[in-house]
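The values are calculated or read from the model by the stated rules, or taken from the named source; none is laboratory data. Values in this document were obtained by computation on a predicted structure and should not be read as measured data. Every residue, glycine among them, receives a Cβ derived from its backbone with ideal geometry; neighbour counts consider all protein chains shown.
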Amino acid sequence: MNVRGRSEKELVIKYVQCLQKHLNDSNSDEDKLLLCLNCLEEIKGKELAVAIDAQCSKVLESISEILARVAVSGSTDEKRTNALKGFNSLYSTMGWAVLSLAGDSFGSHILESLISLSIDLKKTLDNKFENTIIEGMFSMIQHDDSWIKMVQHFAATHVIRKLVTFAILYNKSLLNGLINDLVNEISTEIEFKKSHESILSSSSSAATICYIIDALSADKPLQSRLIGSIFNYYRENLDNTINYLYVKKSSNRILETSIAYLDTEHLDIICNKWFIPYINTISTHDLGNFLAQKIIQSFQISPSTFYTILQALSFHDIINATRGAVIWKTFSTAARLSVGCKECLDKLLTALNINLGERDKHKIWHSLFQLKPIELLDETQLNISQTACSILIATISFPKTDNKLLALLKRFKSFLKSHKRDGFIEKLSTHSTASRVLQAIVDPRNKCPPKVVNYLINVFISIGLIEKIYTNLNGSFLICSIYQASNSTLKGLILKQLSTLDKVHPKLSTIVGLDDFKHKHKLWEKGVKESEKAKKLFKDLL
């Protein structure tokens, strides 16, 4: 192709746009390789104009993918070598123009694609693929003092993420300049109180800073420097920090990400100085409640700090603000740490106005399944709350040393008695989370009162609930749990009901041994009796 005159650039772009059809029509990578290499030769000197064209940038991405693929899996050494040379040529041209291309919507895409492919090539070809191009890109950005500008740019920020990924894998020292500039920028913002124009409050830069923090988990010293500067900034702007949680998703996200990497000592300091005085304000807000959850469920939180947070939390305000997930995470952490379980239950019952001596005992679990105060209940409705069910699952796993917890579990019998015939139990059994509450009750590991467990099993069998829920996936899981918690007599009754039904799920059938029950009944009875004897012997030994 030979083009001259003022329309040369337009002709090159038109040529590249037409190339995509030929690439699609070619059957083999070898044919496509020739087209790609010819294209690179034809557009020499015009690559940057092609890269910022909407259609052509996609063609260049296709070309780079083909070259990278053939460089690894080409049928001959010559083809692999030529493909790698072609890729390096395109990569080099685009890489040295990183400062101009990264700020363009389409140019940034081709840079991202090339850097991603270079990561894959480095993994596969190792020493055959040099780092010089990527090192040059880091050097140019550093020399031009462009790190901060690029991190804040909507397009260039994505290029930064790819560069960070490459550096983390192959040369962490390349990141020193970027981290230094970020730390210095944050320090400058602290000095001049730039709270409303902060790099930490811009949505594009915040996402990239979170990405960098996560990536630096492979380099703790650099990560600690960056996280330290972030918390210094928020400490100096504490009032704005708390306010940001209400209006700035970006600031909230950076705090969440940073907290995940704090050790116990630093997390305790930050919780006690920053968050505990504001914990209810944070926990009841649209964005703040996610930060509260992150803090409460952190595996680095100490039992003493968690207990202080628990005492400060107002479950009543949190429920009124429909932020029940904060309570769920609190219960889960209490169960994990075995700290504050009694206090959790006391605060929940108080917030829902539940008195365990309630005359209408069946209302207690009706209230718990909906996370709704007992006086607001409509007894004809059961609007199951997934969060409430998650709280109940954690509650059931608490140590059974609290008389109030045992009394609460016993009240479940009243709920079952009251709702045998109104469809509530069927609704619970087929609900994705509520069915897990019932599973937790019959799970031997949770050591629920045997009378409650047996009553639940008997209700299932007596009202014919098994045949109503066995085709439902959640119902099938529940039937398995109930079967495993039953004695030999009840197991026989469950299998008798299942044996009359069509289309029992194969896994359910296998777990409960339905085929053996149907076709080898005497053998099944013998196996059950031996199993019961073994259980009894084991209990006697204990």
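Side notes on the structure shown:
- Criterion violated by Ser73 - all others in (1) at pLDDT below 90; (2) closer than 29 Å to Asp144 by Cβ satisfied: (2)
- Near pairs, Cβ below 6 angstrom, 6+ apart or cross-chain, from segment 253-275 (under 14 Å from Ile212 (Cβ atoms)) to any residue that is outside any helix (DSSP H, G or I): Ile254/Leu200
- Residue check, Lys447 in contact (Cβ under 8 Å) with a residue 24 or more places away in the chain, touching a Lys or Arg at 6+ places or on another chain (Cβ under 6 Å) and of a type outside the set (S, T, N, Q): yes
- The helices (runs of 4 or more DSSP H) found wholly in segment 233-314 and carrying at least 2 residues that are in contact with a Phe, Trp or Tyr (Cβ under 6 Å, 6 or more places away or on another chain) and either surrounded by fewer than 19 Cβ atoms within 10 Å (Cβ to Cβ) or not basic (Lys, Arg) (or both) occupy 238-247.
- Just one of the listed residues (Lys522, Lys507, Lys518, Lys468) is modelled with pLDDT of 85 or more, among the basic types (Lys, Arg) and in a helix (DSSP H, G or I), and it is Lys468.
- Flag not set for Ser486, criterion: small (Gly, Ala, Ser), within 25 Å of Thr380 (Cβ to Cβ), in contact (Cβ under 8 Å) with a residue 24 or more places away in the chain and surrounded by 14 or more Cβ atoms within 10 Å (Cβ to Cβ).
- Test for Lys128: is it at pLDDT below 95, charged (D, E, K, R), within 26 Å of Ser28 (Cα to Cα) and in contact with a helix residue (DSSP H, G or I) (Cβ under 9 Å, 6 or more places away or on another chain): yes
- Residue within segment 384-404 that is in contact with a His (Cβ under 7 Å, 6 or more places away or on another chain), buried (at least 17 other Cβ atoms within 10 Å of the Cβ) and under 20 Å from Leu438 (Cα atoms) present: yes
- Residues satisfying the stated conditions in segment 319-353, i.e. of a type in the set (Val, Ile, Thr) and either surrounded by fewer than 19 Cβ atoms within 10 Å (Cβ to Cβ) or under 14 Å from Ile296 (Cα atoms) (or both): Thr322, Val326, Ile327, Thr330, Thr333, Val339, Thr350
- In segment 24-46, the residues that are closer than 14 Å to Glu65 by Cα and among the charged types (D, E, K, R) reach residues that are part of a helix (DSSP H, G or I) and modelled with pLDDT under 85 with C-beta atoms within less than 7 angstrom, at least six apart or across chains, in these pairs: Lys32/Leu23.
- Of everything listed in (1) in a helix (DSSP H, G or I); (2) under 24 Å from the mean Cα position of the chain (by Cα), the single unmet condition for Leu200 is (1).
- Taking the criterion of being over 13 Å from Leu345 (Cβ atoms) and either under 33 Å from the mean Cα position of the chain (by Cα) or surrounded by 21 or more Cβ atoms within 10 Å (Cβ to Cβ) (or both), the only residue of segment 405-414 that qualifies is Phe412.
- Just one of the listed residues (Lys149, Lys162) is in a helix (DSSP H, G or I), of a type outside the set (A, V, I, L, M, F, W, C), crowded, with 19+ Cβ neighbours inside 10 Å and out of contact with any Phe, Trp or Tyr (no Cβ under 9 Å at 6 or more places or on another chain), namely Lys162.
- Taking the conditions (1) closer than 19 Å to Ala71 by Cα; (2) surrounded by fewer than 18 Cβ atoms within 10 Å (Cβ to Cβ) in turn, Leu169 satisfies each one other than (1).
- Exactly one residue among Gly95, Gly103, Gly136 is within 26 Å of Gln223 (Cβ to Cβ) and not polar (S, T, N, Q), and that residue is Gly136.
- Within segment 423-443, not a single residue is more than 30 Å from the chain's Cα centre (by Cα), surrounded by 17 or more Cβ atoms within 10 Å (Cβ to Cβ), touching a residue at least 24 places away in the same chain (Cβ under 8 Å) and over 21 Å from Thr387 (Cα atoms).
- Some residue of segment 370-378 being under 31 Å from the mean Cα position of the chain (by Cα), without any contact (Cβ under 8 Å) to a residue 40 or more places away in the chain and part of a helix (DSSP H, G or I): yes
- Qualifying residue in segment 387-397 (condition: of a type in the set (A, V, I, L, M, F, W, C), in contact (Cβ under 8 Å) with a residue 40 or more places away in the chain, in a loop (DSSP other than H, G, I, E, B) and out of contact with any Phe, Trp or Tyr (no Cβ under 7 Å at 6 or more places or on another chain)): no
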